[in-house]
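A.B. asks: Here you go, one structure.
The values are calculated or read from the model by the stated rules, or taken from the named source; none is laboratory data. Not measured: the values here are computed from a predicted model. When we count neighbours, we look across all protein chains shown, and the Cβ atoms used for this are built from the backbone with ideal geometry, even at glycine. Keep in mind that these areas ignore ligands, DNA and RNA; they rest on the heavy atoms of the full protein, side chains included. Shrake-Rupley method; radii C 1.70, N 1.55, O 1.52, S 1.80 Å.
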Amino acid sequence: MRFSFSKISLRTKLFFISLILLVIPVVGFQLSEQIKRDLLQSEEQSLLFFARSVAAVLASQPEILNRERLHPDVSSAVYMLRLHHPIRLNAKLDDWPEIDSMAEMLAAEHLLSGSQEYDFQSFHALHMTGERDKYIYAFFKVTDDTIVYRGANSLWMDRSDHLQVHIEDSNGVLRQYQISPRQPGWVNGYLYDDFGPATIERNIQGVWKESGDGYIVEIRLPREMIGNKLAFALVDVDDENSREIKYIVDTSKKHKNSKNNYKNNDFKNIKNINTIQDPGWIISPSTTIQSILKTLERPNFRILIIDANSRIRATAGVLSGASLEEKRPAKGILRVSQYLGKLLAPLYRIFTKPFSEDTINNPAPLSSFSLDGVKKALTGENSFGRYMHTSGKKGDPVELMVATAPLKNGKTIVGAVAVEQTTSSIVAMQNRVIEETITVAIFLFIFGGGALFLFAFYLSARIRKISRDAASAITSSGQICPITPMSSGDEIGELSCTLANMLNQLKSQTDFREKMADNLEHEIRTPLIGISSSLKNLARELEKQPVDVRRYIEWSLTSVARLEALLSDIRDATTLQEMLDGDQKEIFSLNKAMEVWLTHHWREAFIDTTFVYEPVSQEILFYGDPLRILQLLDKLVENAVSFHFPKTPVVIGLKKKEKSISLFVSNNGPVIPEKLQGQIFNSMVSSRSKGSGKDDKPHLGLGLFIVRTIAQEYGGSVRVESMPEKSQITFLVELPINCSDE
Amino acid sequence: MPQIIALVEDDDTQRANYTKILEREGYTVHSYGNRLQAIAVFQKELPDMAILDIMLEEELEGGFTLCTQLRQLSASIPIIFLTARDSDSFRDSGLRLGAWDYLPKNSKNMEYLPVRVASLFRIVESASMAPTQSETITVGELDVFKAQHVVHWQKSPLDLTLTEFWLLLALVERPGHVKSHDQLMEAANTKITNNAIATHIRRIRDKFREIDPEFNAIRTEYGMGYRWRVR
């Protein structure tokens with residue numbers, strides 16, 4: 001079956017139309033995306049501006065930058081991490097924070113000298129330095145294919161794997177300590193002396209422990225031993241017999257292009273340099289800069305000052321994912337929408353983006369993303385980016401925006417300023433927009449759509465009512481029942497009024513026609529009686545009438561009698577309802593009555609016509625006036641007889657159904673025009689063509705009107721069925737069973 | 001001395017014709033065209049019988065008014081309504097006002113009119129005479145005194161109109177036999193519709209039931225006619 005919109009009911013159509021309201025959340029969603037984009041853009045601008053202004057503030061105080069040794073060339077510095085937790089000297093690294101991001105790899109770049117081509121697999125180390133409570137801590141996680149300890153009786157401190165600690169004290173005196181154990185375990189530093197034996201320095205203590213692929217040294221030394229400069233060097237000896245130094249790596253300097261040097265087998269050039277001449281500066285997060293940053297701090301921002309070596313030198317601010325706006329107490333409609341919001345939460349979750357309200361640990365390490373920004377900043381460019389950060393307390397990813405700007409001291413770029421902000425507040429705002437759109441859309445859909453739907457229902461119901469009224473206004477047997485017009489004055493009300501008026505006019509016409517019969521009967525009867533009484537007197541006056549005259553008088557009287565019969569028929573029809581009210585009802589056997597009527601009435605009255613009747617063996621009782629039922633059938637039989645084709649039978653039948661009794665009279669004859677089928681039961685309507693009245697019976701089209709009236713009086717109905725292919729007309733009367741067999 | 005019949009009929013032709021028909025039978029006919037003429041004369045001198053049309057000129061129910069006035073003047077005078085108004089309600093109203101009979105106007109009833117008038121005069125005459133055995137038909141609890149046109153059911157008299165009497169007589173003359181509508185009309189010297197016969201029968205039954213609520217002797221024969229059921 002083909003789908004057609006026009007076939008759907010009005011109600012369904014309007015329902016579909018109301019679905020358009022669902023576009024609202026989609027539009028809202030798009031709008032929120034747009035808002036978010038715009039917000040991010042402006043946020044990006046302000047973040048960059050912020051970063052640049054922080055850089056400008058710091059640049060205006062070069063003395064601070066100098067004091068804090070923010071130079072591009074302090075690459076040899078030892079970065080002193082501020083430790084927040086105690087460190088236990090146990091050669092276990094689990095108490096060191098953020099090793100992954102903060103620890104420095106001492107490998108090719110830090111190679112001070114080597115007797116062989118550098119082999120990373122053979123020797124490298126991970127290193128980190130930190131400060132806590134007047135102590136400096138350091139660990140070296142050394143990967144070494146062969147560990148060579150100091151000989152049991154050897155006084156040579158530098159003929160085995162060992163760690164050198166180079167210190168410049170507050171007086172500017174350089175000292176070198178060596179940690180060169182004979183076996184793993186607790187170790188101390190020994191002050192190196194070019195000319196004499198090393199003396200033990202118990203302030204420098206630590207643990208040396210072997211690990212699977214090398215060893216771990218974790219040491220501690222008092223802060224007061226050191227001025228501003230410190231360096232470490234790791235010496236690798238792999239041949240126990242020759243005890244030749246294979247590699248020296250140190251923290252002091254990045255030896256650029258050293259790899260290339262070794263490739264050219266030219267490592268002898270640097271072989272001589274086997275000790276550190278100048279230890280690097282100690283650099284640590286700057287409290288001075290930090291305090292400056294504090295004054296610039298804004299809520300929900302984190303400012304990072306990063307030096308040229310990508311070390312964080314100062315931070316300020318806490319990144320919190322919590323949205324800034326406070327929760328307002330809801331009133332009135334807001335409360336409803338809040339309640340609705342709770343109900344709709346699962347729906348919101350489909351459309352909104354989750355964000356963490358985690359507070360990010362402070363200080364946080366630099367991510368690779370920030371590092372990119374820092375690198376760009378160090379070349380003098382501003383940059384902006386977003387990345388996901390997963391180090392929140394709850395472990396949820398947090399989206400961060402980072403703006404980086406170069407930090408200049410004079411004309412030299414000495415570092416970078418990074419300003420970070422979570423996007424949570426923007427996402428929160430976007431989510432709120434989405435939520436509100438959804439809420440509004442659902443409100444609109446429920447109330448607007450509901451109202452629309454109810455209105456559609458109302459309209460549709462009214463139209464249906466008119467349609468029903470119109471359909472039932474004219475019964476199948478042609479009776480007109482006026483309808484009550486709707487009281488409302490809109491188009492549908494007008495339509496209803498028009499329809500009611502039409503029906504009333506039609507009814508008054510029908511009534512007039514029916515009444516006309518009554519009036520006509522009375523008006524005609526009076527002169528007719530005058531004629532007949534005159535004729536009779538005339539006949540009596542002329543005692544000895546000539547034959548001719550007598551014949552004329554007889555003919556006239558016959559005509560008068562016929563006219564009177566006609567008038568009687570009209571009277572029968574017009575007073576029928578009155579007669580019906582006075583009917584003498586009784587229970588009688590309809591099947592027996594049919595047989596009596598057929599034998600003694602119709603067969604006698606219509607001698608030339610063949611009647612076919614199938615007797616019913618079952619007793620069919622009916623409560624009614626037999627005279628009335630006979631009258632009803634009489635009219636149908638008369639009708640059938642006068643229309644049947646000669647030599648075809650008139651079939652009369654009686655059937656008992658579940659709830660009704662069906663009477664039918666059927667004949668072969670001309671088919672009733674379809675347009676007349678609903679009307680023939682009305683008074684004075686006949687399908688008889690003019691001049692077809694061969695018999696001497698009057699035909700006024702009252703018979704079927706009588707049939708209808710009687711059938712309706714008994715709560716039944718009458719209808720006609722035409723079968724044009726068989727030229728068969730059947731009149732069917734359905735009467736409800738009104739008495740039981742008992 | 002010929003009996004005087006007062007005829008009140010507004011249609012000139014009919015009035016003249018009816019007068020002629022009745023005069024031919026030997027009656028003296030005083031005819032009037034409207035109610036006022038008639039009542040003016042009635043107040044001075046009463047006729048022996050009155051035949052009234054119902055619609056009299058402008059008065060739609062002038063005949064009924066006249067009937068009421070006439071009944072006040074005399075309780076016993078026979079009054080017949082002869083009218084084109086052939087309906088149950090008119091018939092009921094007329095008979096309730098004390099008319100002896102109600103005839104719808106048609107050519108057949110016109111022929112029967114002299115018979116009817118004669119019968120009514122005979123009833124008036126015989127009312128003073130004692131009922132004689134030879135003229136009585138007894139069927140069960142029913143006694144019909146033919147000459148007086150009097151009927152008793154369970155020894156109580158029934159007040160029947162002439163038409164009703166004739167119809168009942170037709171049924172009880174041959175008890176148990178079905179009388180068709182046409183046969184009944186013939187017997188009642190009238191030409192009316194089947195429906196009107198049914199109405200008459202209904203009224204007869206009602207009158208019986210006033211005496212005997214269990215009355216059930218007049219049977220409908222599948223709507224084709226009636227019979228008097230013999231127990």
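A.B. asks: Of B:148, B:188, B:213, which is farthest on the positive side of the dipole of chain B, counting Cα position, with +1 on Lys and Arg Cβ, -1 on Asp and Glu Cβ, and the Cα centre as origin?
C.D. replies: Of the listed residues, the answer is B:213.
A.B. asks: A follow-up question, please. List the pair-distance distribution P(r) of the range A:17-109, using every Cα-Cα distance, as the percent of pairs falling in each 10 Å bin from 0 up to the bin containing the longest distance, rounded to whole percents.
C.D. replies: With a bin width of 10 Å, the distribution comes to 11, 19, 20, 20, 14, 10, 6, 1.
A.B. asks: Provide the net charge surrounding residue A:226, with neighbours chosen by a C-beta distance below 13 Å and charges set as Lys +1, Arg +1, Asp -1, Glu -1.
C.D. replies: Net of charged neighbours comes to 0.
A.B. asks: Could you give the alpha-carbon Rg of the range B:133-231 over 2.2 N^0.38 Å, rounded to two decimals?
C.D. replies: Details: Rg = 12.4 Å, N = 99, 2.2 N^0.38 = 12.6 Å.
Dividing the Cα radius of gyration by 2.2 N^0.38 Å gives 0.98.
A.B. asks: State the answer as a single residue: which of B:102, B:68, B:224 lies farthest towards the positive end of the charge dipole of chain B, with beta carbon charges of +1 for Lys and Arg and -1 for Asp and Glu, about the Cα centre.
C.D. replies: B:224
A.B. asks: Right, something else. Nothing charged except the Cβ atoms of Lys and Arg (+1) and of Asp and Glu (-1): what's the magnitude of the dipole of the range B:1-157 about its Cα centre? Round to the nearest 20 debye.
C.D. replies: With only Lys, Arg, Asp and Glu charged at Cβ, the dipole is about 360 debye.
A.B. asks: Go from 0 up to the bin containing the longest alpha carbon distance in the range A:547-644, width 10 Å each, and give me the % of pairs per bin.
C.D. replies: For the range A:547-644, the binned pair fractions read 13, 31, 32, 16, 6, 2 percent.
A.B. asks: To the nearest 100 Å², how much accessible surface do chains A and B cover up together, summed over both, with a 1.4 Å probe? If you can, show how the numbers build up before the last one.
C.D. replies: Working: alone 40270 and 11440 Å², together 48640 Å².
Adding both sides of the contact gives about 3100 Å².
A.B. asks: Moving on to the next point. Just going by the charge dipole of the protein assembly as shown, with Lys and Arg at +1 and Asp and Glu at -1 on Cβ, which of A:56, A:733, A:85 is farthest out on the positive end?
C.D. replies: Value: A:56.
A.B. asks: Take the Cα gyration tensor of the range A:7-58, multiply each eigenvalue by 5, square-root it, and list the three semi-axes largest first, rounded to whole angstrom.
C.D. replies: 51, 5, 4
A.B. asks: Now for a separate question. Please report the projected area of chain B's Cα convex hull averaged over all directions, in nm².
C.D. replies: Details: hull surface 51.0 nm².
Directional mean of the projected Cα hull area for chain B stands at 12.7 nm².
A.B. asks: Round to a whole number: what % of the accessible area of the range B:16-71 belongs to carbon and sulfur, probe 1.4 Å?
C.D. replies: After summing per-atom areas, the C and S share lands at 48 percent.
A.B. asks: Also: Give me Rg/Rg_expected for the range A:453-533, where Rg uses Cα atoms only and Rg_expected = 2.2 N^0.38 Å with N residues.
C.D. replies: 1.73
A.B. asks: For the protein assembly as shown, what is the charge dipole size about the Cα centre, in debye to the nearest 20, if Lys and Arg each add +1 at the Cβ and Asp and Glu each add -1 at the Cβ?
C.D. replies: On the way: 113 positive and 121 negative charges, 277 e Å.
About 1320 debye.
A.B. asks: Moving on. In whole Å and largest first, what semi-axes does the C-alpha gyration tensor of the range A:90-169 yield when each eigenvalue is scaled by 5 and square-rooted?
C.D. replies: 24, 18, 13
A.B. asks: Over all directions, average the projected area of the Cα convex hull of the range A:419-463 and note it in nm². Spell out each step's value before the answer.
C.D. replies: Values: hull surface 11.7 nm².
Its average projected convex-hull area is 2.9 nm².
A.B. asks: Cα gyration tensor of the range B:1-136, axes a ≥ b ≥ c as square roots of the eigenvalues: rounded (a/c below 1.5), prolate (a/b > b/c) or oblate?
C.D. replies: rounded
A.B. asks: Given 20 Å bins starting at zero, what is the percent of C-alpha pairs of the protein assembly as shown in each, up to the one with the largest pair distance?
C.D. replies: P(r) over the protein assembly as shown, rounded to whole percents: 10, 23, 15, 8, 8, 10, 13, 10, 4, 0.
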